[in-house]
Amino acid sequence: TDGDGIPDEFEAEYPSSLDPWNPTDGFLDFDKDGMPNDNEWVSGTDPTDERSFLALQGIARPSGIGNLLSWPSVTGRVYGVYWTSNALQGYEMILGGILATPPANTVTDAVFGVDAQGYYHIDVLNP
């Protein structure tokens, strides 16, 4: 209704922080977790819980296979994994089109392997 990109149904689930008539609440971060409310909707996280946000939960290094990455996932979302050796430069997608497997997704980065030093980024789509 308000044009902020968040469906009214989602806003109605969180009346203490979202208002289907407020066009600016999508850009706000009610729970102060660093994720704006519109990103909370896309990620399927709770905009009223500071502990609910999309982030890597773990990176393991099984011998010789690659880095094992895990993050919380939500039904209906599609994820991509990005990597860079320099956080000040762009990231490149190394795995894409990863369907959600709630409550968590786990994938192996066999592209850069266990010896590479760099940074990961998880992206999410809510098709």
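The values are calculated or read from the model by the stated rules, or taken from the named source; none is laboratory data. These figures come from a predicted structure and were not determined experimentally. Neighbour counts run over all protein chains shown; Cβ positions are idealised from the backbone, glycine included. With ligands, DNA and RNA removed, areas are computed over all heavy atoms of the protein, side chains included. Shrake-Rupley method; radii C 1.70, N 1.55, O 1.52, S 1.80 Å.
Key figures for this structure:
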read-out: Residues of region 74-97 that turn out to be under 19 Å from E11 (Cβ atoms) and surrounded by 13 or more Cβ atoms within 10 Å (Cβ to Cβ), as a count; value: 2
read-out: Failed item, numbered, when D8 is tested on (1) open to solvent by 40 Å² or more (accessible area, probe 1.4 Å); (2) under 19 Å from the mean Cα position of the chain (by Cα); value: (2)
read-out: Odd one out for G26 among (1) of a type outside the set (V, I, T); (2) modelled with pLDDT of 95 or more; (3) closer than 19 Å to P127 by Cα; value: (2)
read-out: Residue within region 57-73 that is closer than 20 Å to E40 by Cβ, open to solvent by less than 50 Å² (accessible area, probe 1.4 Å), in a loop (DSSP other than H, G, I, E, B) and touching a residue at least 12 places away in the same chain (Cβ under 8 Å) present; value: yes
read-out: Contacts under 7 angstrom Cβ, first residue in region 76-98 being touching a residue at least 12 places away in the same chain (Cβ under 8 Å), partner open to solvent by 50 Å² or more (accessible area, probe 1.4 Å) and among the β-branched types (V, I, T), 6 or more apart; value: I94/V111
read-out: Test: residue in region 107-114 that is over 16 Å from G58 (Cα atoms), of a type in the set (G, A, S), in contact with a strand residue (DSSP E or B) (Cβ under 8 Å, 6 or more places away or on another chain) and open to solvent by less than 70 Å² (accessible area, probe 1.4 Å); value: no
read-out: Any hit, region 31-52, residues being under 28 Å from V111 (Cα atoms), in contact (Cβ under 8 Å) with a residue 24 or more places away in the chain and surrounded by fewer than 16 Cβ atoms within 10 Å (Cβ to Cβ); value: no
read-out: Close pairs from region 101-127: first free of Cβ contacts under 8 Å to residues at least 40 places away in the same chain and within 12 Å of V74 (Cα to Cα), partner open to solvent by 90 Å² or more (accessible area, probe 1.4 Å) and part of a loop (DSSP other than H, G, I, E, B), Cβ under 8 Å, at least 6 apart; value: P102/T75
read-out: Any hit, region 99-106, residues being in a strand (DSSP E or B), among the β-branched types (V, I, T) and either under 18 Å from G64 (Cβ atoms) or open to solvent by 40 Å² or more (accessible area, probe 1.4 Å) (or both); value: yes
